[in-house]
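Okay, structure first, notes after.
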Amino acid sequence: EKGGVFMFVEIREWNEEDAFALHSLSKHPYLSKERLFRYFYPDTFLNAMSTIYFYQNADPKRFLYRAVIVDGNVAGFISAQVKNEHSAELSYWLGVKYWRKGIMSKAVSLLCKEAFDKLPVFCIYAMVDQKNIASQKVLEHNGFQKEKIEHLFIYRKYK
């Protein structure tokens, strides 16, 4: 709850009906300028559909790709990907209009619980640019411990 307005935050698997929302979120000028999508860029509706198809068909023993849902609407993306025999990398982004509302803190909590339950890992880590204070706060709020590596911070959380 932020500013006296309650929002229902959940994470769930992606479905084809999410493609338009994913594409719409990706068209925000800030995201276009920063190119924040690492593997895919849903800058066209077709690319959004392809991205969702990839998420749906990823190996569930190695990847959790989830939509962040706020009050029934797609608001962003969150994932955990197994990187070695004991750890998974956490990645996430949130549509600009959803920033600074506590949404990603809740989504990270939900995904960490699911990842520790479903993936063969005992450590989840995230890499954050030193300038991304909001993301650092999300991770710290969820019990991640910070380590500094060059221009990044690595945050780790153990089962």
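Could you compute the FRET efficiency for E85 and T44, with r as their C-beta to C-beta distance and R0 at 30 Å, rounded to 0.05? Plugging the Cβ-Cβ distance into 1/(1 + (r/R0)^6) gives 0.20.
From the square roots a ≥ b ≥ c of the eigenvalues of the alpha-carbon gyration tensor of region 39-140, which class results: rounded (a/c under 1.5), prolate (a/b over b/c), or oblate?
Details: a/c = 1.60, a/b = 1.06, b/c = 1.50.
Oblate.
Ranking C112, Q130, S87 by how far each Cα lies toward the positive end of the dipole of the chain (charges on Cβ) leaves Q130 at the top. Identify which of Y92, Y53, Y65 has the largest mean-square fluctuation in a Gaussian network model of the chain, with springs joining Cα atoms closer than 10 Å. Highest fluctuation among the options: Y53.
In this simple spin-label approximation, K137 and F8 carry label points 7 Å from Cα along the Cα→Cβ vector, and these lie 2.7 nm apart.
For the chain, the relative contact order is 20 percent, taking Cα pairs closer than 8 Å that sit 6 or more residues apart in sequence and dividing their mean separation by the residue count.
First compute the accessible area of region 75-143 with a 1.4 Å probe, then give the percent of it belonging to carbon and sulfur atoms. Before the final figure, lay out each step's value.
Values: 1690 of 3140 Å².
Carbon-and-sulfur percentage of accessible area, whole number: 54.
The values are calculated or read from the model by the stated rules, or taken from the named source; none is laboratory data. Here the structure is a predicted model, which is why all the values come from computation and not from measurement. Because the Cβ atoms are built from the backbone with ideal geometry, glycine has one as well, and the counts that use them run over all protein chains shown. Please note that ligands, DNA and RNA were not included when accessible areas were found on the heavy atoms of the full protein model with its side chains. Shrake-Rupley method; radii C 1.70, N 1.55, O 1.52, S 1.80 Å.
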